[in-house]
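I have placed the structure first, in the form of structure tokens, so that the comments after it can refer back to it.
The values are calculated or read from the model by the stated rules, or taken from the named source; none is laboratory data. This structure is a prediction, so every number in the text was calculated from the model and none was measured. Backbone-built Cβ (ideal geometry, glycine too); neighbour counts: all protein chains shown.
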Protein chains: 2
Amino acid sequence: MKLYSYWRSSASWRVRIALGYKGIPYEYRAVNLVREGGEQYAPTYVAEVNPLSQVPVLELEGSPPRRIAQSLAIIEYLEERYPEPPLLPSDPWLRARARQLAEIANAGIQPFQNTPTLGYVRNVLRGDEKAWLRHFLDRGLRALERTARETAGTFLVGGHPTVADVCLIPQLWSARRFEVPLDPFATLVRVEAACNALPAFAAAHPDRQPDAPKGS
Amino acid sequence: MKLYSYWRSSASWRVRIALGYKGIPYEYRAVNLVREGGEQYAPTYVAEVNPLSQVPVLELEGSPPRRIAQSLAIIEYLEERYPEPPLLPSDPWLRARARQLAEIANAGIQPFQNTPTLGYVRNVLRGDEKAWLRHFLDRGLRALERTARETAGTFLVGGHPTVADVCLIPQLWSARRFEVPLDPFATLVRVEAACNALPAFAAAHPDRQPDAPKGS
């Protein structure tokens, strides 16, 4: 299968972690979201890969190839097709809590930091883009911290990585990038260290992708 | 089980549809998000139900009761525990596409219309809240329409309702409320009519909830 990805896209990063953790081989297709106004707007990408001009997109083998977008939909697909090792707990309530945490990142933080949102804040509202980012990152991380405390073990939900951890890692990286103080997030930062000790998480880091700028 | 809900909350509405469609009885607990600054901020609600001051919350029976927040996490839980009638197709790729459509609404539209976001746009950025709402509703509905065209039958994905339809209905209601023209969304409006002909969808409408204002 092929993954259309951008090194610094937090949603692409999530899918890279899931693919790596499950040991699924894939072809990396870089889509530069910045260069020349964004390759995601190129006519061939819009026509053939994603009319919504987003990454990540997972392309399944077959003729014609079938595609899936939206990182959590992709991860649920991978979980169903490649159940081992799992990224959801077996207990029904803990499964729900792992998904709840993932959605706090996916719907509660990431939408506020993506390119079209920041463009509207900057260009239409003439707002302070960095203050906006910090506000929603801090607010979302507080929600994650409070929610995670009820279920955290070594990872956000018990003793094994789940989709919640997959979503956490890129958000903490964004928080550092935009200088959000991490002192209130002891649980999250502790879990992050446990994740980063796993090869699949480490290999999915933006700096290790083929389209990362040299020397980054 | 108990559902903490607000009549006009689009995320609560999604869960009401899922519960009704699966024929699961539940107790309705109204949380007024507006009155006296919002009951979701009341100390007992924060301490006992949801520290994040949000609806919906599904409370499971037991001692102590266990709770799940985030509408899509709740719906996935219901799908696993009460698989019939299903809200996901059986084909793996179509399951993924149903979730993809649900996430376009959940992460691509709803975060831009919730109360804290609008508060920031209005009070901090001094922006035009209605223009903001219309922009993100129109953009998200365009994404839904383009994506749905690939899989739509009577419903967004084939011939039976899925989680995608569950998320569509409240978004179209919001679009009408904020006067977003629906002409470009022929597929969505056609599917909406099919959904509203089903008793479970009709019964979940805001106007039919116990906490709806009289005469609404």
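Results for (1) surrounded by 15 or more Cβ atoms within 10 Å (Cβ to Cβ); (2) without any contact (Cβ under 8 Å) to a residue 60 or more places away in the chain, shown as yes or no for each residue.
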{"position": "A:141", "(1), (2)": "yes, yes"}
{"position": "A:145", "(1), (2)": "yes, yes"}
{"position": "A:149", "(1), (2)": "no, yes"}
{"position": "A:153", "(1), (2)": "no, yes"}
{"position": "A:157", "(1), (2)": "yes, no"}
{"position": "A:198", "(1), (2)": "yes, no"}
{"position": "A:201", "(1), (2)": "yes, no"}
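In segment A:81-98, the condition of being of a type in the set (Ser, Thr, Tyr), under 26 Å from residue B:89 (Cβ atoms) and either at pLDDT below 95 or in a loop (DSSP other than H, G, I, E, B) (or both) is met by at least one residue.
Just to be sure before I move on: is residue B:176 under 24 Å from residue B:41 (Cα atoms), out of contact with any Leu (no Cβ under 6 Å at 6 or more places or on another chain) and of a type in the set (D, E, K, R) in the structure I sent?
Judged against the criteria, residue B:176 is not a match.
Among the residues making up segment A:1-39, a single one is crowded, with 18+ Cβ neighbours inside 10 Å, among the basic types (Lys, Arg) and over 22 Å from residue A:66 (Cβ atoms): A:8. Among the residues of segment A:96-120, those identified as in contact with a helix residue (DSSP H, G or I) (Cβ under 7 Å, 6 or more places away or on another chain) and free of Cβ contacts under 8 Å to residues at least 40 places away in the same chain are A:96, A:103, A:107, A:108, A:111, A:112, A:117, A:118, A:120. Residue count for segment A:168-197, restricted to those that are assigned to a loop (DSSP other than H, G, I, E, B) and among the acidic types (Asp, Glu): 2. When segment B:80-120 is filtered for residues that are more than 9 Å from chain A (Cβ to nearest Cβ), buried (at least 16 other Cβ atoms within 10 Å of the Cβ), over 15 Å from the mean Cα position of the chain (by Cα) and not aliphatic (A, V, I, L, M), the ones remaining, listed by number, are B:82, B:86, B:89. For segment A:121-137, the condition holds for no residue, the condition being that it is of a type in the set (Val, Ile, Thr), under 22 Å from residue B:54 (Cβ atoms) and either more than 9 Å from chain B (Cβ to nearest Cβ) or not in a loop (DSSP other than H, G, I, E, B) (or both). With the structure loaded, tell me whether residue B:89 is of a type outside the set (Asp, Glu), touching a His at 6+ places or on another chain (Cβ under 8 Å) and closer than 30 Å to residue A:67 by Cβ or whether it fails that test. Yes.
Checked against the criteria, residue A:72 counts as out of contact with any strand residue (DSSP E or B) (no Cβ under 8 Å at 6 or more places or on another chain), in contact (Cβ under 8 Å) with a residue 12 or more places away in the chain, in the same structural domain as residue A:13 (by TED's automatic domain parsing) and surrounded by 15 or more Cβ atoms within 10 Å (Cβ to Cβ).
Taking segment B:43-65 as the search range and keeping residues that are assigned to a strand (DSSP E or B) and within 11 Å of another protein chain (Cβ to nearest Cβ), which one is farthest from the chain's Cα centre (by Cα)?
It comes out as B:60.
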